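Structure first, commentary second.
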Amino acid sequence: MITLATDFGSPYPAAMRGVILGACDARIVDITHEFPRQDVQTAAFWLREVLPYYPPAVHCAVVDPGVGTDRAALLVRAGEHLLVGPDNGLLLPAARALSERIDVFEWQYESPDSTTFHGRDVFAPAAAAVHEHSIAELDRARPTDEYVDHAFPEPELREQDVIGTVLVVDGFGNVITNIPGTVLDACNESVMVNEERVPVERAYAQLEPNSRLVTVGSHGNVELAVNQGRGDRAFDLDTGDAVRLEL
């Protein structure tokens, strides 16, 4: 199985699928092609959250603001999984979620047909190659310890409050922070969010529609949301903004 995840929208992924199908008979599964354009952190977050639910596969992920430059192409072995994509930190959080041990390889590629579509000309062929052959059989895969890593910001946990950061905003407008959900264990029915009191609930529908709430999302982090509405608008927050919770 080869999974595909990009910020390409349509129809570009169709060309990637065509290249893969011309090189192997892998089952192709599209995770999404609607990652926010050129947003490596958001894509890295969702890959980390989604890929552990898949059986062993080759995962080809392309969010590549540096396409056409001298940035490298990587293969990352994580347990029984292989990740293929640009060397910009995109793959590493997911790889570490898949396995405690990872091995990183640089994929040596020739000058592609296009300097703007490495998804088709570099990463799709690489995904097909590692699907059909072990890395040891591929001369183009060379071990490396020089690659771009990505670490999500850590919250500042203090005695009376927590200072966190918005990691991503999902398609529903839910504001996902880097604050671990366990901090809400010390709260009663509400918490101060940026100096405004907001109820803490286990589910969106425990409040009336358009009501704000603080909850723990499926990812295990504190989430600021609105029942049947958009938390990003209600809390006036976006990716990278600071969030202060008074406990």
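Each value in this text was obtained by applying a stated rule to the coordinates, not by laboratory testing. Predicted model, so just to flag it, every value in this text is computed and none were measured. Cβ sites come from the backbone with ideal geometry, for glycine too, and all protein chains shown count toward neighbours.
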Q) Once both axes come from the Cα atoms, what is the angle between helix 12-23 and the longest principal axis of the chain, in degrees from 0 to 90, rounded to 10? A) 40
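Work out how much length VAL148 to ASP161 would gain on full extension: take 0.36 nm times their residue separation and subtract the Cα-Cα distance, in nm to one decimal. Don't skip to the end; give the middle numbers.
Values: separation 13, 0.36 × 13 = 4.68 nm, distance 3.26 nm.
Here the segment from VAL148 to ASP161 would lengthen by 1.4 nm.
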Q. For the stretch 149-208, what relative contact order do you get, as a whole percent, if you take Cα pairs closer than 8 Å and at least 6 residues apart?
A. 19
Q | Surface/4 estimate of mean projected area, convex hull on alpha-carbon atoms of the stretch 53-149, nm² | A | 5.8
(Q) Taking the Cα centroid of the stretch 143-167 and of the stretch 9-56, what is the distance between the two, rounded to the nearest whole Å? (A) 25
Q: May I ask for the percentage of alpha-carbon pairs in the stretch 53-93 that lie more than 15 Å from each other?
A: 38
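Over the Cα atoms of the chain, what is the Rg over Rh ratio if Rh follows Kirkwood?
On the way: Rg = 20.1 Å, Rh = 19.3 Å.
Reported Rg/Rh (Cα atoms, Kirkwood Rh): 1.04.
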Q. For the chain, what does -39500 (n - 2.57) per DSSP helix run (n ≥ 4), summed and divided by total residues, give at 222 nm, in deg cm²/dmol to the nearest 500?
A. -5000 deg cm²/dmol
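Could you give the size of the charge dipole of the chain about its Cα centre, using +1 on the Cβ of each K and R and -1 on the Cβ of each D and E, expressed in debye and rounded to the nearest 20?
Details: 18 positive and 39 negative charges, 104 e Å.
Taking the Cα centre of the chain as origin, the dipole is about 500 debye.
For every other residue with a beta carbon closer than 13 angstrom to the beta carbon of ASP121, add +1 if it is Lys or Arg and -1 if Asp or Glu, then tell me the sum.
Details: positive: ARG120; negative: ASP64, GLU110, ASP113.
Charge balance near ASP121 sits at -2.
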